[in-house]
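What follows is a single structure, written as structure tokens, with notes after it.
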Amino acid sequence: YEIYQCDWSSDVCSSDLLTGIIAGLIAMLFTFLLVHFEEFFSSLNGFQIVNGDSLKQKRDFIFSHPVQASMVVLFPALGGLICGLVIYFFCQEAEGTGTDEMINAFHYNEGKMNTRVPFFKSIATIFTLSSGGSGGREGPISQIGAGIGVIMANLAGAGARSRRALMLSGTAAGLGAAFKTPLGGALTAVEMVYKKDIESDALIPCFISSLTAYLVFISYAGSQPLIPIQQPEFFQIKEIVFYLLLGFLCYVFGFLFIKGFRDTTRLVKSITFPIWLKPAIGGLLVGIIALLFFETGGTGHSYLQQVISGKLPSFFSGIGILNIMLSLLLIAFIKIVTTGLTIGSGGSAGIFGPSLFIGAMLGAGVGVIARYFLNDPNVTIVTYMVVGMGAFYAGVANAPIAGIVMTCEMTGSYALLPPLILVSIFTFILSRQISFYKSQVDTRFDSPAHVWDMKLDVIERVTIKDYFPEFRFLAVIREDYSYADIREIANYYHSSDFLVVRHDLSYAGLLSLRKIDEDLLKISDQNSVTAIDLADTSVPFVFVDQSLGSVMKIIMKFDVDKVAVCEPDRRTIGYIRSRDVFEAYSRQTAKK
């Protein structure tokens with residue numbers, strides 16, 4: 001456990017200040033390039049969102065402008081193709097939201113990340129979003145910031161504990177700068193890694209770096225809120241029913257958002273198209289949808305501002321309240337679809353922006369109904385939109401504090417804290433069993449990042465057979481599996497470490513995709529490289545009568561996330577993961 005014996009408190013200020021400065025500068029450059037590329041693509045397709053048009057009017061507009069319409073379809077596909085090529089040839093970690101990868105690295109990889117990620121993630125995201133792909137900046141900018149923190153840790157020769165702290169510090173800096181939320185950026189970074197806890201050890205470093213990055217960023221972009229609104233009215237007791245309805249809608253649409261994204265991801269992985277082509281196909285589908293629903297492409301920031309200013313959509317025949325509400329709910333649902341297609345197909349974008357957009361549309365829909373039934377001019381639609389933004393993200397990310405504070409800072413007002421707290425907590429309670437981030441763990445005691453917090457005498461006296469009557473066997477592969485087969489299995493099971501066994505199931509070693517020499521794979525034919533060629537035969541196994549402590553020592557010494565469990569004749573009967581040890585530890589300590 002000596003790799004954790006690192007005191008970062010003595011020089012935390014200098015490290016986090018520097019991380020904040022660099023992250024702020026990169027966030028500045030990232031935002032500048034994204035805005036200008038968005039303007040470039042927009043000027044070429046010539047499409048203007050004419051708010052309030054019916055679907056028939058939109059269809060007529062498309063037929064009268066065929067050239068611009070074709071560009072609307074093709075640009076997201078082009079952006080997806082560029083993104084796919086960047087990911088395939090240069091940096092596979094640039095795929096997806098970025099946030100889940102950062103969380104996984106925090107818990108299971110000692111905060112280690114590919115230091116090429118910040119550069120290639122920026123390129124992939126800029127082309128994905130500016131061309132019309134649906135997503136947000138939060139995931140990429142947090143992964144970029146995290147990469148900067150890891151680079152700083154590597155340069156300083158920091159240990160695992162310091163590296164994790166600097167990773168979150170960089171994440172906070174990226175968020176605090178890009179969204180102009182110095183407090184929210186820090187709180188989001190320490191909250192998003194857990195479902196029921198926060199990473200309190202990194203709180204002060206995150207505050208330092210987030211504030212520093214924010215000050216650097218506003219020197220370029222100004223200090224005005226990202227989504228400015230007029231001072232909203234205060235909370236009224238008679239609106240509680242409508243706010244609870246909004247919370248329920250946020251839960252339902254959040255469930256659809258997460259399920260739709262995961263189903264899309266599984267479907268795309270099952271398709272045999274080349275990996276670099278899949279984001280282009282997703283982009284093409286997004287472009288086709290954008291022909292009728294221009295509002296759901298890109299970041300959605302400009303359309304969100306239009307709705308905040310009072311320009312509500314009316315897609316269907318008639319001009320009644322029901323028409324407006326259904327139009328808003330339809331936009332929210334289509335945004336779920338386009339975001340799932342963009343990111344689920346392998347594009348690079350985050351979910352914070354789409355979450356704000358979807359929550360705002362749901363809030364506007366409920367606000368229209370509340371204003372009609374209460375017949376009160378003090379009931380404003382904007383207040384429901386703001387509450388919907390924070391509540392929706394709180395539900396899908398299991399991060400109520402982050403959703404509340406980020407929303408307040410982005411809108412420049414804390415006047416709506418009471419309804420924000422009410423609806424965000426209500427949505428969070430309903431959504432406890434779902435989360436967009438698969439790598440989140442419940443608490444710090446479920447994470448290998450806090451192995452030093454465990455009482456070692458507890459896991460040393462608990463034997464494996466006391467808690468595990470049977471063992472997992474999914475990540476077990478034969479010695480003759482090719483590297484290509486292993487990559488396919490890894491993508492399907494979302495695993496990086498595999499037990500290698502011989503044909504008689506005798507244990508042969510452990511293969512970690514994180515440690516494979518990339519130069520070897522470039523030189524060799526990947527189909528000729530087998531599991532036994534890549535396996536580390538020095539990683540030992542355990543017997544069922546050994547302690548959980550022996551499992552943890554192997555995990556820490558060899559930097560693996562699972563350990564083989566064998567019979568006395570070396571026949572493999574399964575494996576124990578690091579998270580299994582932590583769950584057993586939590587149950588054991590809960591008995592006291």
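Looking at (1) within 26 Å of G176 (Cα to Cα); (2) open to solvent by 30 Å² or more (accessible area, probe 1.4 Å); (3) not in a helix (DSSP H, G or I), can you tell me which one Q433 breaks?
Among (1) within 26 Å of G176 (Cα to Cα); (2) open to solvent by 30 Å² or more (accessible area, probe 1.4 Å); (3) not in a helix (DSSP H, G or I), Q433 violates only (1).
Is it the case, given these coordinates, that L362 is surrounded by fewer than 20 Cβ atoms within 10 Å (Cβ to Cβ) and either in a helix (DSSP H, G or I) or touching a Phe, Trp or Tyr at 6+ places or on another chain (Cβ under 9 Å) (or both)?
No, not satisfied.
The conditions are (1) touching an Asp or Glu at 6+ places or on another chain (Cβ under 6 Å); (2) surrounded by fewer than 16 Cβ atoms within 10 Å (Cβ to Cβ); (3) of a type in the set (V, I, T); (4) modelled with pLDDT of 90 or more, and T443 fails exactly one of them. Which is it?
Every listed condition holds for T443 apart from (4).
Would you kindly identify the helices (runs of 4 or more DSSP H) lying entirely within segment 246-352 that contain at least 3 residues that are over 22 Å from L226 (Cβ atoms)?
278-290, 321-344
I258 - would you say it is free of Cβ contacts under 8 Å to residues at least 60 places away in the same chain and more than 30 Å from M28 (Cα to Cα)?
Against the criterion (free of Cβ contacts under 8 Å to residues at least 60 places away in the same chain and more than 30 Å from M28 (Cα to Cα)), I258 does not qualify.
With under 22 Å from the mean Cα position of the chain (by Cα) and over 23 Å from T427 (Cα atoms) as the only criterion, which of S302, S309, S348, S314 stands out?
On the way: S302 fails: under 22 Å from the mean Cα position of the chain (by Cα); S309 fails: under 22 Å from the mean Cα position of the chain (by Cα); S314 fails: under 22 Å from the mean Cα position of the chain (by Cα).
Result: S348 is the single residue among S302, S309, S348, S314 that is under 22 Å from the mean Cα position of the chain (by Cα) and over 23 Å from T427 (Cα atoms).
I need the full set of residues from segment 388-432 which are among the small types (G, A, S), under 21 Å from D442 (Cβ atoms) and in contact with a Leu (Cβ under 6 Å, 6 or more places away or on another chain), in order please.
A402
Matching residues to (1) modelled with pLDDT under 90; (2) surrounded by fewer than 16 Cβ atoms within 10 Å (Cβ to Cβ); (3) touching a Ser or Thr at 6+ places or on another chain (Cβ under 7 Å); (4) farther than 30 Å from A146 by Cβ:
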position: G184; (1), (2), (3), (4): no, no, no, no
position: E191; (1), (2), (3), (4): no, no, no, no
position: A202; (1), (2), (3), (4): yes, no, yes, no
position: F217; (1), (2), (3), (4): no, no, no, no
position: K238; (1), (2), (3), (4): yes, yes, no, yes
position: L246; (1), (2), (3), (4): no, no, no, yes
position: V252; (1), (2), (3), (4): no, yes, no, yes
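Conditions tested, residue by residue: (1) touching a helix residue (DSSP H, G or I) at 6+ places or on another chain (Cβ under 6 Å); (2) free of Cβ contacts under 8 Å to residues at least 24 places away in the same chain; (3) assigned to a helix (DSSP H, G or I); (4) open to solvent by 10 Å² or more (accessible area, probe 1.4 Å).
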{"site": "T115", "(1), (2), (3), (4)": "yes, no, no, yes"}
{"site": "F127", "(1), (2), (3), (4)": "yes, no, yes, yes"}
{"site": "G132", "(1), (2), (3), (4)": "yes, no, no, yes"}
{"site": "I141", "(1), (2), (3), (4)": "yes, no, yes, no"}
{"site": "G145", "(1), (2), (3), (4)": "yes, no, yes, no"}
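Regarding segment 319-333, can at least one residue be identified that is buried (at least 24 other Cβ atoms within 10 Å of the Cβ), modelled with pLDDT of 85 or more and farther than 20 Å from F248 by Cα?
Within segment 319-333, not a single residue is buried (at least 24 other Cβ atoms within 10 Å of the Cβ), modelled with pLDDT of 85 or more and farther than 20 Å from F248 by Cα.
State all residues of segment 567-592 that are of a type in the set (A, V, I, L, M) and either assigned to a loop (DSSP other than H, G, I, E, B) or out of contact with any Phe, Trp or Tyr (no Cβ under 8 Å at 6 or more places or on another chain) (or both); if no residue qualifies, say none.
Answer for segment 567-592, where residues must be of a type in the set (A, V, I, L, M) and either assigned to a loop (DSSP other than H, G, I, E, B) or out of contact with any Phe, Trp or Tyr (no Cβ under 8 Å at 6 or more places or on another chain) (or both): V581, A590.
Yes/no matrix, rows are residues, columns are (1) under 16 Å from V542 (Cβ atoms); (2) assigned to a loop (DSSP other than H, G, I, E, B); (3) open to solvent by less than 30 Å² (accessible area, probe 1.4 Å):
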site	(1), (2), (3)
I459	yes, no, yes
D466	yes, no, no
L474	no, yes, no
I477	no, no, yes
D480	no, yes, no
I486	no, no, yes
A490	no, no, yes
Y507	yes, no, yes
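Regarding F428, is this residue among the hydrophobic types (A, V, I, L, M, F, W, C) and either under 18 Å from A332 (Cβ atoms) or at pLDDT 90 or above (or both)?
Numbers: among the hydrophobic types (A, V, I, L, M, F, W, C): yes; either under 18 Å from A332 (Cβ atoms) or at pLDDT 90 or above (or both): yes.
Judged against the criteria, F428 is a match.
Just one of the numbered conditions (1) under 21 Å from the mean Cα position of the chain (by Cα); (2) under 30 Å from F41 (Cα atoms); (3) charged (D, E, K, R) is not true of E295; which one?
(1)
Is one or more of the residues making up segment 157-168 part of a helix (DSSP H, G or I), closer than 28 Å to E39 by Cβ and among the small types (G, A, S)?
Looking through segment 157-168, none of the residues is part of a helix (DSSP H, G or I), closer than 28 Å to E39 by Cβ and among the small types (G, A, S).
Looking at (1) open to solvent by less than 30 Å² (accessible area, probe 1.4 Å); (2) closer than 29 Å to L304 by Cβ; (3) touching a Gly at 6+ places or on another chain (Cβ under 8 Å), find the lone condition where R163 falls short.
(2)
Could you list all residues from segment 544-566 that are modelled with pLDDT under 95 and not in a helix (DSSP H, G or I)?
Correct list: V544, D545, Q546, S547, D559, V560, D561, K562.
Which condition from (1) out of contact with any Asp or Glu (no Cβ under 9 Å at 6 or more places or on another chain); (2) open to solvent by 30 Å² or more (accessible area, probe 1.4 Å) is the one that E93 breaks?
(1)
The values are calculated or read from the model by the stated rules, or taken from the named source; none is laboratory data. Everything numeric in this text was worked out from a predicted model, so none of it was measured. Every residue, glycine as well, gets a Cβ built from its backbone with ideal geometry; the counts of neighbours run over all protein chains shown. Calculation scope for accessible area: heavy atoms of the full protein, side chains included, ligands and nucleic acids excluded. Shrake-Rupley method; radii C 1.70, N 1.55, O 1.52, S 1.80 Å.
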